[in-house]
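Report on the following structure.
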Amino acid sequence: MPDTTPDPREVAGPLLTTSGQTRAWGARLAALLRAGDLVVLTGGLGAGKTTLTQGIGQGLGIRGPVTSPTFVIARVHPSLVDGPPLVHVDAYRLGGFAELDDLDLDATLDDSVTIVEWGHGLAEDLTDDRLEVLLDGEDTRTVRVVPHGARWVDVDLTTLTEPVPLPVLSPFDDAPADDELSDDAPADDAPAHDSTEEA
């Protein structure tokens, strides 16, 4: 029987009520990330995984735009500020770890920040050190962060619990987030591609 004891280091983030808040929280998370970090994003359809990745990308100062990698599977975003590149992976269509392993993520893992959407149950074998971010809800999102491994033992995650001020709304904040339109609802008849592309 699996151990269901909560990790004492798990933190609950603030309620996120707009895509702008989700991106701002992602930028806050990015401040804690460094080359070699793996972030596994878990959440249902429309939970905000790509929107969160956009915020992480903004915080890391990478070349964008960050969009759903559903039909490419993995996309590399180089840094514009001499930081680590962002490797953005969508594991939605992958049949198991063997297909994820075929992407050769271990070749870039040490030098990049790697984010795997739909990675629960697949990406854990890439490294013992990772953050799992669990998103729930569509209009109002809850977020939990579960750290795994020695990398996160001494990292203070309390900044991730603080409320995110409502940002000045852009015209896009009233529209569904990118992942609500694309990555969380890929077409059932679309082909899976095990390719990697640079942004």
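Conditions tested, residue by residue: (1) in a loop (DSSP other than H, G, I, E, B); (2) in contact (Cβ under 8 Å) with a residue 60 or more places away in the chain; (3) of a type outside the set (S, T, N, Q).
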| site | (1), (2), (3) |
| --- | --- |
| ILE115 | no, yes, yes |
| HIS120 | yes, yes, yes |
| ASP128 | yes, no, yes |
| VAL133 | no, yes, yes |
| VAL143 | no, yes, yes |
| PRO147 | no, yes, yes |
| ARG151 | no, yes, yes |
| ASP154 | yes, no, yes |
| VAL164 | yes, yes, yes |
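Pairs under 7 Å by beta carbon, first residue over 14 Å from ARG144 (Cβ atoms) in segment 30-49, partner among the basic types (Lys, Arg), six or more apart or different chains?
LEU38/ARG130
Just checking, how many residues over segment 92-121 are of a type in the set (A, V, I, L, M), at pLDDT 70 or above and under 18 Å from LYS49 (Cα atoms)?
Residues in segment 92-121 being of a type in the set (A, V, I, L, M), at pLDDT 70 or above and under 18 Å from LYS49 (Cα atoms): 3 in total.
Which numbered condition in (1) surrounded by fewer than 17 Cβ atoms within 10 Å (Cβ to Cβ); (2) more than 15 Å from ALA35 (Cα to Cα) is the only one that ARG141 fails?
Of (1) surrounded by fewer than 17 Cβ atoms within 10 Å (Cβ to Cβ); (2) more than 15 Å from ALA35 (Cα to Cα), only one is false for ARG141: (1).
Any idea which residue in segment 15-63 is modelled with the lowest pLDDT, counting only those that are assigned to a loop (DSSP other than H, G, I, E, B) and of a type in the set (A, V, I, L, M, F, W, C)?
Step by step, filter segment 15-63, then rank; the result is LEU45.
The values are calculated or read from the model by the stated rules, or taken from the named source; none is laboratory data. Keep in mind it's a predicted model, so treat the numbers as computed, not measured. Here Cβ is always computed from backbone atoms with ideal geometry, including for glycine, and neighbour counts include all displayed protein chains.
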